[in-house]
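Everything below concerns the one structure shown next.
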Amino acid sequence: MPPITHLLFDCDNTLVLSEHIAFEVCASLANEILKNAGVDKTFTGPELQSTFVGQNFSGMLKGLQETYKFTMPPEEHEAYVKRELTAITQALSEKAEPCPGVNDVLKGLQQTGQYGLAVVSSSAKPRVVASIKKAGQGEFFVDEHIYSAMTSLDPPTSKPDPAVYLFACKDLGKKPEECVAIEDSGSGTLSATRAGIWVIGYVGPYEDAAEKAAMIEKLTKNGAKVIMDHWREFGDCLKKIEALESTQFLKLLE
C-alpha cells in the first residue's frame, strides 16, 4: 500500500464552527419554502441540522421535497440555492470561528510539509472560502485545492455521493488510499469511505453526551477507522490510520 501523502479536510464543523450559523439561515428559507408549498411544518436551525447535517442546501431541498411530497420548479430551486449562498457567505464572513485547536494543527502540518493539504466540502466554494478566511485558515490551503461538490462538479452533487472526493484525488494526482479524510458527519464519512479513503471521524462539535455517542456510532458504522474528540488528538489519530494501512498491506503479502 502506498504511504499517506495528503490530508483532506471537510470544512463545516470540522475546520470551522459554521453549521449553527448556516442552519439558522437554511431553516428560515426552508420554512418559507414549506409554507409556500402548503406544508404545515417548520424547522429550527438545530432541527434542520440534525436531519441534514453534511448535505448542501440543494440536497436539503431535494430531501424536503421527497419527505413532504411537493415539487419545486428547477428555476425556483436554483433561485433559493443562490439566496442561501449569498446569505450564508455573508454571515460566515462575519461570524465563523475555527474549531478548537485546529489552527495549531494546521500550522504544524504546514511547517513540516510532510502532507499535502486540501479542503473537500459539500458546500459551495464561496461559502467555504469565506469560512476558512474568517477562521484564520486561508494561509494553509491554496485556492485550487479547495474542492466543492456544488462548485467543482458538473453536475453539482452532495455528500454522501463520493464524486467530490474522487474528483479531488484525481485533481491532486493521488490514489484514494494515499489520502486521509477528516469528517464530522455521517454523510461525509460515507462519501469518503465510498471513494476508498481512510477516515478520521471528528466529534468535537457535539456537546451533548448522548448526541456525541450516537454520532460516534454513526461515523464508525459509515466507515471511520478512528474517532477524534479534539484536534489535540490528531497526531495520534493519524498514526493509528497509518498503522492500520501498514497492517492491511502486510496482510496482502501473506
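The values are calculated or read from the model by the stated rules, or taken from the named source; none is laboratory data. Remember, it's a predicted structure, so these values are computed and weren't measured experimentally. Don't worry about glycine lacking a Cβ; one is built from the backbone with ideal geometry, like all the others, and counts go over all protein chains shown.
For residues that are assigned to a strand (DSSP E or B) and not β-branched (Val, Ile, Thr), scanning just the range 1-51, find the one that is farthest from PRO98 (Cα to Cα).
Result: HIS6.
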*Of these, SER158, SER148, SER122, which one is small (Gly, Ala, Ser), crowded, with 19+ Cβ neighbours inside 10 Å and modelled with pLDDT of 95 or more?*
SER148
*Filter the range 110-146 for residues that are within 16 Å of the chain's Cα centre (by Cα), in a strand (DSSP E or B) and in contact (Cβ under 8 Å) with a residue 40 or more places away in the chain and give the result.*
LEU117, ALA118, VAL119, VAL120, SER121
_Going by what's in this entry, would GLY38 be described as surrounded by fewer than 13 Cβ atoms within 10 Å (Cβ to Cβ) and either small (Gly, Ala, Ser) or under 21 Å from PRO126 (Cβ atoms) (or both)?_
yes
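With part of a loop (DSSP other than H, G, I, E, B), of a type in the set (A, V, I, L, M, F, W, C) and in the same structural domain as VAL120 (by TED's automatic domain parsing) as the only criterion, which of ALA224, ALA214, ALA243, ALA210 stands out? Break it down stepwise before answering.
On the way: ALA214 fails: part of a loop (DSSP other than H, G, I, E, B); ALA243 fails: part of a loop (DSSP other than H, G, I, E, B); ALA210 fails: part of a loop (DSSP other than H, G, I, E, B).
Result: ALA224 is the single residue among ALA224, ALA214, ALA243, ALA210 that is part of a loop (DSSP other than H, G, I, E, B), of a type in the set (A, V, I, L, M, F, W, C) and in the same structural domain as VAL120 (by TED's automatic domain parsing).
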*Can you run down the residue pairs with Cβ atoms below 7 Å, 6 or more apart or on separate chains, where the first is in the range 234-247 and surrounded by 16 or more Cβ atoms within 10 Å (Cβ to Cβ) and the partner is in a helix (DSSP H, G or I)?*
PHE234/VAL105
*So which residues in the range 52-99 are part of a loop (DSSP other than H, G, I, E, B), among the polar types (S, T, N, Q) and crowded, with 19+ Cβ neighbours inside 10 Å?*
GLN55, ASN56
